[in-house]
1. Regarding region 126-141, can at least one residue be identified that is in a loop (DSSP other than H, G, I, E, B), within 24 Å of T191 (Cα to Cα) and at pLDDT 95 or above?
2. Can you confirm whether region 41-48 contains a residue that is out of contact with any Lys or Arg (no Cβ under 7 Å at 6 or more places or on another chain) and over 29 Å from N103 (Cα atoms)?
3. Can you list residue pairs whose Cβ atoms sit under 7 Å apart, with the first residue in region 187-201 being within 22 Å of V88 (Cα to Cα) and the second being among the basic types (K, R) and surrounded by 10 or more Cβ atoms within 10 Å (Cβ to Cβ)? Count only pairs 6 or more apart in sequence or on different chains.
4. Condition (residue is surrounded by fewer than 20 Cβ atoms within 10 Å (Cβ to Cβ) and among the aromatic types (F, W, Y)) applied to region 57-79: is it met by at least one residue?
5. Checking P120 against (1) in a strand (DSSP E or B); (2) out of contact with any Leu (no Cβ under 6 Å at 6 or more places or on another chain), which test does it fail?
6. Find all pairs meeting these conditions: Cβ atoms under 8 angstrom apart; at least six residues apart or on different chains; first residue within region 99-112 and farther than 16 Å from N71 by Cβ; second residue small (G, A, S) and not in a loop (DSSP other than H, G, I, E, B).
7. Quick check on D188: is it within 27 Å of A61 (Cβ to Cβ), touching a helix residue (DSSP H, G or I) at 6+ places or on another chain (Cβ under 9 Å) and charged (D, E, K, R)?
8. Please determine whether any residue of region 117-124 is more than 18 Å from P44 (Cα to Cα) and either touching a Cys at 6+ places or on another chain (Cβ under 9 Å) or not charged (D, E, K, R) (or both).
Amino acid sequence: MADYFFEPQQGHGLAHDPFNSIIAPRPIGWISSISNAGQVNLAPYSFFNLFNYKPPIIGFASTGWKDSVQNIAEQGEFCWNLVNRPLVEAMNQTSASVAADVNEFTLAGLTMVASKLIKPPQVAESPVRFECKLSQLIPLQAANGEQVPTWLVLGEVVGVHIASSLLIDGVYDTLAADPVLRAGGPGDYYTLNAANKFSLLRPKI
């Protein structure tokens, strides 16, 4: 089978960079934070995931030193808010490049609700929220040691909020949450479908 081969440093030669499409779909890092001066920020990040169970550690990467990173560096705290289908338009509004003094909650018509353990507020409309403490803030670097203008923000989840309707006999119902996942292309997203679900258990050796 013939391959399309390219070296990223030389360019991909395609209509769109394929990495976002290949590593997909991905959960969205909808991150709320607050500055030392009390300015609230809410922004989505498509490079986001879970990295550890105990303690639970999640993380997102920011291309550029953005307001979210600045706030988290100052306060050492942030909140992750699940983006589901009813919230996708509001999430998209918060991706706009606006001045640092603009409150994205207000911009997107969202309700701020206080966290229990951290200062940054949460998206009240989101069915799942994680309160996080910064564990590491890491500047990325290339294989040759050259620093890349991207920062990996890792946070320990210290508080979890889950809508009771999503817990069925003590088991979280991923499909019922209707999460939105980032895919490839300039603006592609996916949702989950029960017809595509299958189970696969690890082999016991």
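1. Initially, region 126-141 is screened for residues in a loop (DSSP other than H, G, I, E, B), giving 126-127.
Adding the requirement that they be within 24 Å of T191 (Cα to Cα) leaves 126-127.
In the following step, the residues that additionally are at pLDDT 95 or above were identified as 126-127.
Within region 126-141 (the criterion being in a loop (DSSP other than H, G, I, E, B), within 24 Å of T191 (Cα to Cα) and at pLDDT 95 or above), the answer is yes, since at least one residue qualifies.
2. no
3. Correct list of pairs: Y189/R182; T191/R85.
4. Yes: region 57-79 contains one or more residues that are surrounded by fewer than 20 Cβ atoms within 10 Å (Cβ to Cβ) and among the aromatic types (F, W, Y).
5. (1) is the only condition that P120 fails.
6. A108/A90; G109/A90; L110/A90
7. On the way: within 27 Å of A61 (Cβ to Cβ): yes; touching a helix residue (DSSP H, G or I) at 6+ places or on another chain (Cβ under 9 Å): yes; charged (D, E, K, R): yes.
In short, yes.
8. Here is the first cut: in region 117-124, the residues more than 18 Å from P44 (Cα to Cα) are 117-119.
Filter again for either touching a Cys at 6+ places or on another chain (Cβ under 9 Å) or not charged (D, E, K, R) (or both), leaving 117-118.
The answer is yes; a qualifying residue exists.
The values are calculated or read from the model by the stated rules, or taken from the named source; none is laboratory data. Not measured: the values here are computed from a predicted model. Note that we place each Cβ from the backbone using ideal geometry, even for glycine, and neighbour counts take in every protein chain shown.
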